[in-house]
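Enquirer: Can you keep this structure in mind? I'll have questions shortly.
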């Protein structure tokens, strides 16, 4: 029996590692697939005594420049704007879930001269793409074209302001934060 003890002791760590690999097999599989995809995409790969290093995939400049306009055709108009977005954020613990702190957010328009908003037909708000229904429309002049939503993280957004008379549009941008005034 004493002859088996060194053998069992030498097998403890390998069996533990195999057990972990079986327990986390789906995570390991996804990680290996991600690594393989990065290497296939041209990321530099280096393995040696210091460990494994995988660099970032570098897109050719011409490809990156060609893709940039296709990603988002809304170009923010130059500053200053006479019409701009405003927002208010208020913490609401009743909305919290999954350990995230949620805020109720109201986003609307304001103008240097309030009567300028009378010429606005509608506003298309483009929230962060992780929102359900990230593109929201408001045509309610009485509320200053306000929308309401909830969020757990700060984000940058744009809004397209469409005008009645000349059918032009203004694209404006705002960073939605949760700072208290």
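The values are calculated or read from the model by the stated rules, or taken from the named source; none is laboratory data. All figures in this text were calculated on a predicted structure; none of them were measured in a lab. Note that we place each Cβ from the backbone using ideal geometry, even for glycine, and neighbour counts take in every protein chain shown.
Enquirer: Report yes if some residue within segment 126-135 is surrounded by 13 or more Cβ atoms within 10 Å (Cβ to Cβ) and over 18 Å from the mean Cα position of the chain (by Cα); otherwise report no. Full working, then the answer.
Expert: To start, the set of residues in segment 126-135 that are surrounded by 13 or more Cβ atoms within 10 Å (Cβ to Cβ) comprises 126-128, 131, 134.
From what's left, over 18 Å from the mean Cα position of the chain (by Cα): none.
Within segment 126-135, not a single residue is surrounded by 13 or more Cβ atoms within 10 Å (Cβ to Cβ) and over 18 Å from the mean Cα position of the chain (by Cα).
Enquirer: To continue, here is another question. Of these, 93, 76, which one is within 30 Å of residue 151 (Cα to Cα) and modelled with pLDDT of 80 or more?
Expert: Result of the check over 93, 76: 93.
Residue by residue, here is whether (1) in contact with a helix residue (DSSP H, G or I) (Cβ under 8 Å, 6 or more places away or on another chain); (2) closer than 19 Å to residue 162 by Cα; (3) loosely packed, with under 15 Cβ neighbours inside 10 Å holds:
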site: 82; (1), (2), (3): yes, yes, yes
site: 86; (1), (2), (3): no, yes, yes
site: 92; (1), (2), (3): no, no, yes
site: 109; (1), (2), (3): yes, yes, no
site: 112; (1), (2), (3): no, yes, yes
